[in-house]
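Structure below; questions to follow.
The values are calculated or read from the model by the stated rules, or taken from the named source; none is laboratory data. What you are looking at is a predicted structure, and each value in this text was computed from that prediction instead of being measured. Here Cβ is always computed from backbone atoms with ideal geometry, including for glycine, and neighbour counts include all displayed protein chains. Please note that ligands, DNA and RNA were not included when accessible areas were found on the heavy atoms of the full protein model with its side chains. Shrake-Rupley method; radii C 1.70, N 1.55, O 1.52, S 1.80 Å.
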Amino acid sequence: QYRAIFDGSVDAMVLWNDKIRFVDVNRTFTEMYGFTREEVIGTGFDNRLPAEEVARRTACIRAALDGREASLETESLRKDGTRMHVELRYVPIPHLGAPHALAIARDITQRKRAEAALRASEAQYRGIFETSADALLLWDANYRVVDVNRAYERFYAKRRDAVVGKSMEEVLPPQIVEQRRELVRRALLGETSELQTTGVRRDGSTFDLELRFVPFEHGGKPHVLAIGRDITERKRAENALRASEAQYRAIFEAATDSLQLLDAHCRVVDVNP
């Protein structure tokens, strides 16, 4: 029964005695590390391991021999010299009437790579997120604020820690909650939406606001990124242009002289009455 469990485990297993010698290893150990069973039985630690690493593992084995569990994450060497990240657990186990330590090793190299890639991705996301001139707010599928950037804090005069984790009802004015909830709901389904409205700062002042709600994956789950852009100056420029156009049109149409507007190719663009 012991052998069936021992050799059937997907984790590498090593049985250590109180002399810190290999007593037994399972098939997964031989596959993971590249050593045969005969090469390691009766031997101690791999002599390629640094002294401090040997000391750490020895302390864990001693703890298990004394009846206490121990664990650590570290790097291990295969027979061919390649390295892998392993999670090691040491548990007390009696064997032939004497205390032994069972070391259970799990290869977590892929997990470590995935974690490193995730950290790099998160760092990149954070860099873009924080340096954006637009106000960014990240909603989760429960309509709660996951994150906001510095531009959001400037736009609305609200601190990040005052809004993160809050629901829509806690963050938005009551009269716009249902409208924004619908836009977030549509974005969660994969649809991008746009809205031009009036933003209200904490001090009550208003500004022209362009909002976009886009589907966004965060932490492997669907989220919605709300992008807010202050378009007050753009609106002023558009209004000024329209006023200028209206003024030009009024003068052009009211002139008693015959007026023709020609382009650079001498084509007639406009004439007055």
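Looking only at region 2-15, how many residues end up being out of contact with any Asp or Glu (no Cβ under 9 Å at 6 or more places or on another chain) and in a strand (DSSP E or B)?
Number of matching residues: 0.
Looking only at region 102-120, count how many residues are surrounded by 12 or more Cβ atoms within 10 Å (Cβ to Cβ) and without any contact (Cβ under 8 Å) to a residue 60 or more places away in the chain. Let's see the steps before the verdict.
We begin by selecting, within region 102-120, every residue surrounded by 12 or more Cβ atoms within 10 Å (Cβ to Cβ); these are 102-109, 111-112, 115, 118.
Filter again for without any contact (Cβ under 8 Å) to a residue 60 or more places away in the chain, leaving 108-109, 111-112, 115, 118.
Of the residues in that region, 6 qualify.
Can you name the helices (runs of 4 or more DSSP H) wholly within region 154-259 that have at least 1 residues being open to solvent by 40 Å² or more (accessible area, probe 1.4 Å) and among the aliphatic types (A, V, I, L, M)?
Values: elements: 160-163, 168-171, 177-188, 232-254.
Because the criterion is at least 1 residues that are open to solvent by 40 Å² or more (accessible area, probe 1.4 Å) and among the aliphatic types (A, V, I, L, M), the helices (runs of 4 or more DSSP H) in region 154-259 that meet it are 160-163, 177-188, 232-254.
Hey, another quick one. Scan region 20-35 residue by residue and report those that are closer than 18 Å to Asp107 by Cα and open to solvent by 60 Å² or more (accessible area, probe 1.4 Å).
Arg27, Glu31
Could I ask something else about it? Can you report the number of residues in region 75-101 which are of a type in the set (D, E, K, R) and surrounded by fewer than 12 Cβ atoms within 10 Å (Cβ to Cβ)?
Step one: filter region 75-101 for residues of a type in the set (D, E, K, R), giving 75, 78-80, 83, 87, 89.
With the extra rule that they be surrounded by fewer than 12 Cβ atoms within 10 Å (Cβ to Cβ), the set shrinks to 80, 83.
Number of matching residues: 2.
Could you please tell me which pairs satisfy a Cβ distance under 6 Å, a separation of 6+ or placement on different chains, a first residue in region 180-206 that is touching a residue at least 24 places away in the same chain (Cβ under 8 Å), and a second residue that is open to solvent by 70 Å² or more (accessible area, probe 1.4 Å)?
Pairs that qualify, where the first residue is touching a residue at least 24 places away in the same chain (Cβ under 8 Å) and the partner is open to solvent by 70 Å² or more (accessible area, probe 1.4 Å), are Leu188/Pro222; Val200/Thr206.
What do you reckon, is Glu38 open to solvent by 80 Å² or more (accessible area, probe 1.4 Å) and in contact with a Phe, Trp or Tyr (Cβ under 7 Å, 6 or more places away or on another chain)?
No, not satisfied.
Among residues belonging to region 1-43 that are β-branched (Val, Ile, Thr) and over 38 Å from the mean Cα position of the chain (by Cα), point out the one that is modelled with the lowest pLDDT.
Ile5
How about region 1-58: which of its residues are over 19 Å from Pro99 (Cβ atoms), of a type in the set (A, V, I, L, M, F, W, C) and touching a residue at least 60 places away in the same chain (Cβ under 8 Å)?
Ala12, Phe29, Met32
Right, here's the next one. For Gln124, state whether it is under 30 Å from Thr28 (Cα atoms) and of a type in the set (S, T, N, Q). Reasoning before the result, please.
Details: under 30 Å from Thr28 (Cα atoms): no; of a type in the set (S, T, N, Q): yes.
Answer is no for this residue.
Continuing with the same structure: Which condition from (1) touching a helix residue (DSSP H, G or I) at 6+ places or on another chain (Cβ under 7 Å); (2) on the phi < 0 side of the Ramachandran plot is the one that Asp66 breaks?
(1)
Somewhere in region 71-91, is a residue free of Cβ contacts under 8 Å to residues at least 40 places away in the same chain, farther than 21 Å from Arg27 by Cα and of a type in the set (A, V, I, L, M, F, W, C)?
yes
Still on this structure: Any residue at all in region 134-148 that is under 23 Å from Arg236 (Cα atoms), surrounded by 16 or more Cβ atoms within 10 Å (Cβ to Cβ), in contact with a Lys or Arg (Cβ under 8 Å, 6 or more places away or on another chain) and without any contact (Cβ under 8 Å) to a residue 60 or more places away in the chain?
Within region 134-148 (the criterion being under 23 Å from Arg236 (Cα atoms), surrounded by 16 or more Cβ atoms within 10 Å (Cβ to Cβ), in contact with a Lys or Arg (Cβ under 8 Å, 6 or more places away or on another chain) and without any contact (Cβ under 8 Å) to a residue 60 or more places away in the chain), the answer is no, since none of the residues qualifies.
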